[in-house]
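Report on the following structure.
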Amino acid sequence: ILDCGINAPNGQNKQSWEVRVVDNPDFINGITEIYKKENPKAAEDPKFKNMFRNAPNIICVATPDGQPSVDAGLMGENMMLAAQSMGLGTCCLGGPVRFLNTTDACKPYLDKLQLPEGYSICYILAVGYPDESPEAKPRDMGKLQFIK
């Protein structure tokens, strides 16, 4: 999955990303406990295990602050397709990123990621074995136009 990610196209081959794979239950559960304190309704759902769509593993992709994240997006799509080809499910998450970046109690977890100065998490991929396979939602083909 990671090999496919880092081989994604990227502008001028700058590879302006940092990737952190977390498969540590203590890390994931620790952040989730903070989340549940801030959002007690989440814990009321009997299916709720963690704030990463119940995935046992996450991939955090960070980019330089203030720079476009197109390259990181291409990387993420490659990783999601690779995971799917291996029978794994993924979910690209932004909500947990906002929570991590705006909740003081999460700072020790961000520090554990050891991101370089000037980098912030762009998105988090939740990775695990899916418990559902929903149909794709309809797409608005009216958004596509051909200019002649």
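The values are calculated or read from the model by the stated rules, or taken from the named source; none is laboratory data. Remember, predicted model here, so these are calculated numbers, not experimental data. We place every Cβ from the backbone using ideal geometry, glycine too, and count neighbours over all the protein chains shown. The accessibility values were calculated without ligands, DNA or RNA, using every heavy atom of the protein model including side chains. Shrake-Rupley method; radii C 1.70, N 1.55, O 1.52, S 1.80 Å.
When we screen Leu110, Leu100 for residues that are surrounded by 15 or more Cβ atoms within 10 Å (Cβ to Cβ), in contact with a helix residue (DSSP H, G or I) (Cβ under 7 Å, 6 or more places away or on another chain) and free of Cβ contacts under 8 Å to residues at least 12 places away in the same chain, the only hit is Leu110. Failed condition for Phe99, given (1) farther than 22 Å from Tyr129 by Cα; (2) within 13 Å of the chain's Cα centre (by Cα); (3) part of a loop (DSSP other than H, G, I, E, B), with all others met? So the condition that Phe99 fails would be (3). List pairs: first in segment 132-148 and touching a residue at least 24 places away in the same chain (Cβ under 8 Å), second open to solvent by 100 Å² or more (accessible area, probe 1.4 Å), Cβ under 8 Å, 6+ apart or cross-chain? From residues that are touching a residue at least 24 places away in the same chain (Cβ under 8 Å), there are no pairs. The set of residues in segment 113-148 being open to solvent by less than 100 Å² (accessible area, probe 1.4 Å), within 25 Å of Pro68 (Cβ to Cβ) and hydrophobic (A, V, I, L, M, F, W, C) consists of Leu113, Leu115, Ile121, Cys122, Ile124, Leu125, Ala126, Val127. Across segment 113-148, the number of residues qualifying as touching a helix residue (DSSP H, G or I) at 6+ places or on another chain (Cβ under 7 Å), closer than 17 Å to Asn24 by Cα and not β-branched (Val, Ile, Thr) comes to 1.
The condition of being small (Gly, Ala, Ser), within 18 Å of the chain's Cα centre (by Cα) and within 23 Å of Glu117 (Cα to Cα) holds for only one of Gly30, Gly94, Gly11, that being Gly94. For Asn54, the conditions (1) modelled with pLDDT of 95 or more; (2) under 20 Å from Leu113 (Cβ atoms) are fulfilled apart from (2).
Go through segment 22-47 and report how many residues are of a type in the set (S, T, N, Q), modelled with pLDDT under 95 and either closer than 25 Å to Leu2 by Cα or open to solvent by 60 Å² or more (accessible area, probe 1.4 Å) (or both). Quick ask: steps written out before the conclusion?
Step one: of segment 22-47, the residues of a type in the set (S, T, N, Q) are 24, 29, 32, 39.
This time we only want the ones that are modelled with pLDDT under 95, so: 39.
Now narrow it down to the ones that are either closer than 25 Å to Leu2 by Cα or open to solvent by 60 Å² or more (accessible area, probe 1.4 Å) (or both): none.
Within segment 22-47, residues that are of a type in the set (S, T, N, Q), modelled with pLDDT under 95 and either closer than 25 Å to Leu2 by Cα or open to solvent by 60 Å² or more (accessible area, probe 1.4 Å) (or both) number 0.
Out of segment 33-54, which residues are within 18 Å of the chain's Cα centre (by Cα) and of a type in the set (D, E, K, R)? Result: Lys49, Arg53. For the residues Glu33, Glu18, the requirement of being in contact (Cβ under 8 Å) with a residue 60 or more places away in the chain and not hydroxyl-bearing (Ser, Thr, Tyr) singles out Glu18.
Taking the conditions exactly as written (within 17 Å of Asn24 (Cα to Cα) and hydrophobic (A, V, I, L, M, F, W, C)), does Cys91 satisfy them or not? Step through it out loud before you land on a result.
Details: within 17 Å of Asn24 (Cα to Cα): no; hydrophobic (A, V, I, L, M, F, W, C): yes.
Answer is no for this residue.
For segment 55-82, a residue qualifies if it is touching a residue at least 24 places away in the same chain (Cβ under 8 Å), surrounded by fewer than 21 Cβ atoms within 10 Å (Cβ to Cβ) and over 12 Å from the mean Cα position of the chain (by Cα), and the qualifying residues are Pro56, Pro64, Asp65, Gln67, Ser69, Val70, Leu74, Asn78, Leu81, Ala82.
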